[in-house]
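Here is the structure we will look at, set down as structure tokens.
The values are calculated or read from the model by the stated rules, or taken from the named source; none is laboratory data. Here the structure is a predicted model, which is why all the values come from computation and not from measurement. When we count neighbours, we look across all protein chains shown, and the Cβ atoms used for this are built from the backbone with ideal geometry, even at glycine. Remember, those area values only see protein heavy atoms, side chains included, never the ligands or the DNA or RNA. Shrake-Rupley method; radii C 1.70, N 1.55, O 1.52, S 1.80 Å.
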Amino acid sequence: MASSIVVFDFDWSLINCNSDTFVVEQMGASDLMRSLRRSLPWTDLMDTMMVEIMSRGRTLAEIEASLRTIPLDSSMSRAIRAVAAAGYELQIISDANTLFIQTILDNFNLTRFFSEIHTNPASLDDHGLLRVRPYQSSEVPHGCLICPPNMCKGLILDRILSSKPAENRVVYIGDGRGDICPSLRLKVDDHLLARVEFPLAKHIENNREIFKANLHLWSSPKDIENHLLDILDLRAT
């Protein structure tokens, strides 16, 4: 495809875990997180957990160190580098947060390959506590009935494509419920890589007729690498 953009979800797609729950577990606060899970939206929950963890005396350096222990399959790293080397654009749309994604990508020297990362902002407040804010405030509703109030990935994908040539093709890699909305916006010439046995693939299985993109199922980073090499015609001849 002459003009293509490759868009990754992050947790359970680019990396093989949920970075949010991983950090909470590493910091020894899983019990509190489970007790609050049903009463708070996810982004508010993570904001609360980061404040609690740092209030207990854990530091930003410890949080970042725990993130650097998250592994990345070599197939994923090769795929990202191959796509970038061929001149294709890569972006991330994720319901994680800027600190977690940036730290993990930096750890594997991959940050420079992504032109944009769309996610919830995270930074230290005036008291030195890590705060996770929603990508979009609930005071300005995005109006999507599929997505959580803090982020509509479909609208983000629309904004990305609004600045691209009309003939631009999308390769979208995802796994979860949050990836359903952008997947529905893909066209017949686009490609959707959905993780087997995860919510996105299960939803597609039950509603295949409403998804227009070419579907490619995957269960490992090697599968993603192979799909990208084939779709973008990057195999050595």
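Points to keep in mind about this one:
- Residue count for region 211-226, restricted to those that are of a type in the set (A, V, I, L, M) and open to solvent by less than 10 Å² (accessible area, probe 1.4 Å): 2
- A single member of Thr119, Thr98, Thr103 is touching a residue at least 40 places away in the same chain (Cβ under 8 Å) and of a type in the set (S, T, N, Q), and it is Thr119.
- Meets criteria (assigned to a helix (DSSP H, G or I), touching a residue at least 40 places away in the same chain (Cβ under 8 Å), charged (D, E, K, R) and open to solvent by 10 Å² or more (accessible area, probe 1.4 Å)) for Arg78: yes
- Condition met for Asp44 (at pLDDT 95 or above and open to solvent by 50 Å² or more (accessible area, probe 1.4 Å)): yes
- Top-ranked residue of region 159-210 - restricted to ones that are surrounded by fewer than 19 Cβ atoms within 10 Å (Cβ to Cβ) and in contact with a His (Cβ under 9 Å, 6 or more places away or on another chain), ranked as farthest from Leu145 (Cα to Cα): Arg159
- Condition check for Ser13: in contact (Cβ under 8 Å) with a residue 60 or more places away in the chain and not in a helix (DSSP H, G or I): yes
- All positions within region 1-36 that are more than 24 Å from Asp179 (Cα to Cα), loosely packed, with under 15 Cβ neighbours inside 10 Å and of a type in the set (Gly, Ala, Ser): Ala2, Gly28, Ser30, Ser35
Conditions (1) touching a Cys at 6+ places or on another chain (Cβ under 8 Å); (2) touching a residue at least 12 places away in the same chain (Cβ under 8 Å); (3) assigned to a loop (DSSP other than H, G, I, E, B); (4) among the acidic types (Asp, Glu), marked per residue:
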{"residue": "Val7", "(1), (2), (3), (4)": "no, yes, no, no"}
{"residue": "Glu25", "(1), (2), (3), (4)": "no, no, no, yes"}
{"residue": "Arg34", "(1), (2), (3), (4)": "no, no, no, no"}
{"residue": "Ser39", "(1), (2), (3), (4)": "no, no, yes, no"}
{"residue": "Val51", "(1), (2), (3), (4)": "no, yes, no, no"}
